[in-house]
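The values are calculated or read from the model by the stated rules, or taken from the named source; none is laboratory data. Because the structure is predicted, anything quoted here is derived from the model rather than measured. In this analysis, Cβ positions are derived from the backbone assuming ideal geometry, glycine residues included, and neighbour counts consider all displayed protein chains. Accessible surface is based on the protein model in full, side chains and every heavy atom, while ligands, DNA and RNA are left aside. Shrake-Rupley method; radii C 1.70, N 1.55, O 1.52, S 1.80 Å.
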Amino acid sequence: MLRLRSEGVQGSGGRWTFPAVCCPVPSLSEAAGFARPEGSEGQEAHGDRVTLAQARRGTPGHRPVRVYADGIFDLFHSGHARALMQAKNLFPNTQLVVGVCSDALTHKYKGNTVMTEDERYEAVRHCRYVDEVVRDAPWTLSPEFLKRHRIDFVAHDDIPYTSAGSQDVYKHIKEAGMFVSTQRTEGISTSDLITRIVRDYDVYVRRNLQRGYTARELNVGFIKEKKYRLQEQVDKMKERVQTLEEKSKHLVHRVEEKSQDLVFKWEEKSRELIASFLELFGPEGPWVSIWQKCDISADIYIRFPYPERLTISSYRDSPPPGDTQG
């Protein structure tokens with residue numbers, strides 16, 4: 001498949017002409033960022049390996065510094081991404097080549113992986129810092145492999161990596177002056193993630209059973225499945241009871257607040273009632289004078305039952321019967 005690329009050339013009269021030039025479209029594997037198979041033709045001439053001083057000073061745009069980083073990259077996480085970011089940013093003009101070991105090689109030297117090799121290839125390929133992925137990367141880097149992939153430097157943390165009967169698989173790289181170190185991210189690793197899953201195994205099994213996975217898919221026996229489902233029901237019941245307890249505590253708290261508020265209001269009203277009573281019926285209250293007036297009126301009424309018929313003069317002239325006072 002070909003595509004046209006136009007290059008402008010100024011002709012007579014100041015007008016530009018654009019002759020069509022054909023150039024091949026990259027293949028799918030190249031566009032995806034995977035390295036070409038061994039022995040493929042057309043690899044760009046790389047020239048001699050650059051020195052560390054040249055790499056740090058900066059190389060021409062057509063001659064990037066090719067830095068190689070390898071690993072398993074199982075359960076690709078932020079620690080992996082940070083290591084690749086550091087490798088990418090080692091030099092001003094870096095092309096990062098990442099080797100990913102196959103399942104067969106990883107299972108032989110390190111153990112089983114959670115992700116398959118194709119899943120790990122794809123996870124690394126989609127990292128923004130990676131320019132090229134080498135599939136089925138070797139466990140130990142040989143001079144032939146470094147030359148074939150035109151590697152200038154190898155990036156890895158400087159902690160000796162003991163594996164495959166060697167105390168440090170990068171020892172010969174360090175001795176050749178091709179090793180550049182990166183820093184590990186503490187607190188995150190594939191082993192840490194697997195440890196969390198193993199530690200909380202029952203929780204994840206119950207969660208996946210609840211989400212619709214079968215016991216067969218989870219490699220769980222019949223009795224364990226029933227146990228997990230029973231435990232799920234028990235936990236739901238506990239959660240309901242706890243919810244009811246919280247609601248009842250809230251209700252009791254509200255009743256206590258209401259009762260205290262009612263008692264406070266009753267006390268206030270009682271004090272107001274007592275104060276009003278004392279103000280009205282106290283020694284100097286208005287009811288004292290009212291009663292005093294009532295006593296005088298009653299005495300007059302008793303002594304003079306018909307006051308409207310009497311006057312002071314008539315009383316003096318003809319006193320009522322039985323009244324002998326002068």
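Past the 25 Å Cα-Cα mark, which pairs from Lys88/Lys108; Lys88/Lys174; Lys238/Lys258; Lys110/Lys226?
Check vs 25 Å cut-off fails for Lys88/Lys108; Lys238/Lys258; Lys110/Lys226.
Per residue, how much accessible area does the range 144-256 show when a 1.4 Å probe rolls over the protein heavy atoms, in square angstrom?
74
Could you list the trypsin sites (Lys or Arg not before Pro) in the range 75-128 that lie in coil according to DSSP, counting only those with at most 11 other Cβ atoms within 10 Å of their Cβ?
Of the trypsin sites (Lys or Arg not before Pro), the ones in loops of the range 75-128 whose Cβ has at most 11 other Cβ atoms within 10 Å are Arg128.
What is the sum of charges, Lys and Arg at +1 and Asp and Glu at -1, for the other residues whose Cβ falls under 10 Å from the Cβ of Tyr121?
Charge balance near Tyr121 sits at -2.
What net charge do the residues around Val220 carry, taking every other residue with its C-beta under 11 Å from that of Val220, with Lys and Arg at +1 and Asp and Glu at -1?
+3
As a test, work out the antiparallel percent of DSSP beta bridges whose residues both lie in the range 81-229, rounded to the nearest 5.
Counting only bridges with both partners in the range 81-229, antiparallel ones make up about 10 percent.
Want the number for Asp202 to Glu175: 0.36 nm per residue separation, take away the alpha-carbon distance, what's left?
The Asp202-Glu175 span can extend by a further 4.9 nm.
Counting alpha carbon pairs within less than 8 Å and at least 6 residues apart, what relative contact order, in whole percent, applies to the range 59-187?
Reported relative contact order: 29 percent.
What FRET efficiency comes out for Arg82 versus Leu244 if R0 is 45 angstrom and r is the Cβ-Cβ distance? Round to the nearest 0.05.
0.40
With every protein chain present, what accessible area does Ile188 have (1.4 Å probe, heavy atoms only), rounded to the nearest 10 Å²?
Using a 1.4 Å probe on the heavy atoms, I get roughly 40 Å².
Would you mind counting up the charge near Lys88? Only other residues with Cβ under 11 Å from its Cβ, with Lys and Arg at +1 and Asp and Glu at -1.
It works out to a net charge of +1.
Within the range 144-250, list the chymotrypsin sites (Phe, Trp or Tyr not before Pro) lying in a DSSP loop whose Cβ has at most 13 other Cβ atoms in a 10 Å radius.
Taking the range 144-250 and a limit of 13 other Cβ atoms within 10 Å, the loop chymotrypsin sites (Phe, Trp or Tyr not before Pro) found are Tyr213.
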